[in-house]
Amino acid sequence: MNTHPLEGHPATSGDDFPLNVTTLFRHMVRTHPEQQIVYRTADGAWGRYTFRDYGVRASRAASVLAGLGIRPGDVVGVLDWNSKRHFELYWAIPATGAVLLQINLRLAPKDLAYVTAHSGASVVLVEESLLPVAESIAEMTPGVRRWVVMTDRPSNQVETTLPDVVFFEDLMRNVGQTGQWPMVSERSAYTACYTTGTTGRPKGVYYSHRSVYLHAMTLAALLEMSNRDCVMLVAPMFHALSWGLPQAAVYAGAKVVLPGRYTAADTSVLLDAILTEDATVINGAPAIYQPILDQIRTRETPADLRNVRMLCGAAEPPLSLMQGMYEQTGAEIIHGYGATETTALIALNRMKPALEESLTEAEKWDLKRCQGLPLPGMEIRIVDDQGRDLPHDGHAIGEILVKGPGVATSYFKPEGTNTSFTDGYWRTGDVGKILPTGYLKLTDRLKDVIKSGGEWISSIDMENALTAHPNVLEAAVVGVADDRWQERPVALIVLAPGTSAGREEILTTLDGLFAPWQMPDQIHIVESIPRTSVGKIDKRAIRDDLTTRAGRQPPDLIR
């Protein structure tokens, strides 16, 4: 297949003017200097400043980096929450021509150390509350020549065992703003993001300025964002650029809210911020949105969120969550599908106008379970185990392959990992189908799909069906080895507090959706479901645990 583009008549456009994130942020500071950034501090208080102030601090931060010897092509790591300083470094680091290394603080220390060393990071900035994390990897990262502590407290009150420590705010007070911002090549790496290492060591993906810029434009358009919006960044800024929403917010000229550190166990701070700041665009996982919905249901005053678009990723949102949020608040949960390797999103689920008119309400809700329509410029194939293309008929199921302007074509220093790429496509490892209407629907991960008696069972569809039971808070379904059928499905269930449910009652939610032979052989009632560092169900950990427990019937087993 010829992959070289056809050359036509020469154009007179300024195509050598780079699409870089530096110009994107500079435009925001110049054009919308009065727009607000609201941020939560380490002590739980809230502050606010304008993009004009932001520009001054980001410029000084770039001067600080230059003073630390950072040069174009260097790698600078950031270990922080969704904070004011983290947001400033989103501009300051790449504006020097350096690479912003996103350090996923939820990784195990050995993986954190590997990512820091593998990327070649020479300077790491760390928020004070994360000093224990940084200290746990310091001896394993000799290439880091300078650790920079970010704190609001006086530096003489901060204790750390990190070597060669300097303090960010001390340095900021002693520098001026940088001069003319350099025009960074759009093909230069803006940021580095590493996979979460669920299958082997984490793998590095380096997003170009161009890919991030194009993704910001696309996401802003699909979410209908403008300078009248308020964007709250809930998804971690330390992984996949918070799904590209920070750059999309800047592109649209929107107000930005940074909630700092929070936990899924207490999302009241998020709900309060949504209501107080009139947030209209939010990103988060079902594990965050479900407790927010639960809190809304307990409040006397109903929440009016009719203008809110809730971008949802990491896992397919249960239908009960999407319907519940809409019925309680009017907010729309918009399912997005993406990966580290794709500069965030591959597909986004917005309803086509023609389908709004032709589908029944039940059919519309069922369609919202799809991962969505491919982003403009995204090429998607569904292939069988021989690599042959399958029809987009809504029935044929195969592995999903993608390519596009923001899709990686290689890992950084691949060391034998580039088998994930073929003919310019990235092999997602996901299994799914494409409907005749163009919508992509995942049915499973290739490594998680349950094959029983030669037939496939979708664990994702079964999980979402199980959560339709009013007493089921969360569900996970995995395949376990079976001598007769190869694999059989086993379900883990987290019940809502103060409720109970028996096997037959739970299985009624699957009636009509799954054949009798597809029903799970076992249902385990558990307190929590293991998750990866980015909030996805950790099915490898579940299978390992079930294997360990094989041969004995635990007390929480329902047969």
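What follows is calculated from the coordinates using simple rules that are stated; it is not laboratory data. Model, not experiment: these values are computed from the prediction. In this analysis, Cβ positions are derived from the backbone assuming ideal geometry, glycine residues included, and neighbour counts consider all displayed protein chains.
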Stokes-Einstein D for the stretch 295-412 (37 °C, 0.692 mPa s, Kirkwood Rh from Cα pairs), in µm²/s, comes to 200 µm²/s
From the Cα centre of the stretch 62-93 to that of the stretch 242-306, the distance in Å is 26 Å
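Quick one: grab the alpha carbon gyration tensor of the stretch 432-493, order the square roots of its eigenvalues as a ≥ b ≥ c, and give me rounded if a/c is under 1.5, else prolate or oblate depending on whether a/b is larger than b/c. It would help to have the intermediate numbers written out before the result.
Working: a/c = 2.65, a/b = 1.09, b/c = 2.42.
Verdict is oblate for the stretch 432-493.
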Report the normalised scattering of the stretch 10-153 as log10 I(q)/I(0) at q = 0.10, 0.11, 0.13, 0.19 Å⁻¹, calculated by the Debye formula with identical scatterers on the alpha carbons.
-> -0.39, -0.46, -0.63, -1.16
Quick one: grab Rg to one decimal and Dmax as a whole number for the stretch 73-162, Cα atoms only, in Å.
-> 12.3, 34
Rounded to one decimal in Å, the inverse mean reciprocal Cα-Cα distance for the stretch 190-256, i.e. its Kirkwood radius, is 12.7 Å
Using modelled amide H (1.01 Å from N, peptide plane; none on Pro or chain starts), what sits under 5 Å from the amide H of residue 452, excluding residues fewer than 5 places away?
-> 457
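Provide the packing ranking of 362-368, 32-38, 317-323, 97-103, i.e. peptides ordered by the mean count of other C-beta atoms within 10 Å per residue, highest first. Don't jump to the answer; show the numbers that get you there.
Numbers: 362-368: 14.0, 32-38: 16.4, 317-323: 20.4, 97-103: 24.7.
The packing order, highest mean first, is 97-103, 317-323, 32-38, 362-368.
Could you work out the mean projected area of the convex hull around the alpha carbons of the chain, in square nanometres to one decimal? Numbers along the way, then the final one.
Details: hull surface 112.9 nm².
Over all viewing directions, the chain projects a mean Cα-hull area of 28.2 nm².
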If contacts are Cα pairs under 8 angstrom and at least 6 residues apart, what is the relative contact order of the chain in percent?
-> 10 percent
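Over the chain, what is the percentage of antiparallel beta bridges among all DSSP beta bridges, to the nearest 5?
Working: 53 of 93 bridges.
DSSP beta bridges in the chain are roughly 55 percent antiparallel.
For the stretch 207-246, rounded, prolate or oblate, judged on the Cα gyration tensor with a ≥ b ≥ c (square roots of eigenvalues), a/c < 1.5 rounded, else prolate if a/b > b/c? Each step should come with its number before you reach the end.
Values: a/c = 2.56, a/b = 1.16, b/c = 2.21.
The shape class here is oblate.
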Tell me which lysines have Cα within less than 26 Å of residue 447's Cα, excluding those fewer than 8 residues away on the same chain?
-> 110, 203, 368, 403, 413, 433, 536, 539
Two-decimal log10 I(q)/I(0) for the stretch 110-233, as the Debye equation yields it once each C-alpha is a single scatterer, q = 0.12, 0.15, 0.16 Å⁻¹ | -0.70, -1.01, -1.09
Proximal charge balance of residue 434 [Cβ under 13 Å; K/R count +1, D/E count -1] = -2
Rounded to the nearest 5, the percent of DSSP beta bridges in the stretch 288-348 running antiparallel is 50 percent
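Counting only other residues whose beta carbon sits under 12 Å from that of residue 165, what net charge do I get with K and R as +1, D and E as -1? If you can, show how the numbers build up before the last one.
Details: positive: 145, 146; negative: 128, 135, 159, 164, 170.
Net local charge, residue 165 excluded: -3.
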Measure out, as a whole number of angstrom, how far apart the alpha-carbon centroids of the stretch 153-185 and the stretch 456-482 sit.
-> 48 Å
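Nearest 500 deg cm²/dmol is fine: what mean residue ellipticity at 222 nm does the chain get from its DSSP H runs of n ≥ 4 alone, each adding -39,500 (n - 2.57), divided by its residue count?
Numbers: 17 runs with 161 residues, N = 559.
Helices in the chain give a 222 nm mean residue ellipticity of -8500 deg cm²/dmol.
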Rg and Dmax of the stretch 122-185 over Cα atoms: what are they, in angstrom?
-> 13.8, 41
By how many degrees, between 0 and 90 and to the nearest 10, does the Cα long axis of helix 539-549 differ from the longest principal axis of the chain?
-> 50 degrees
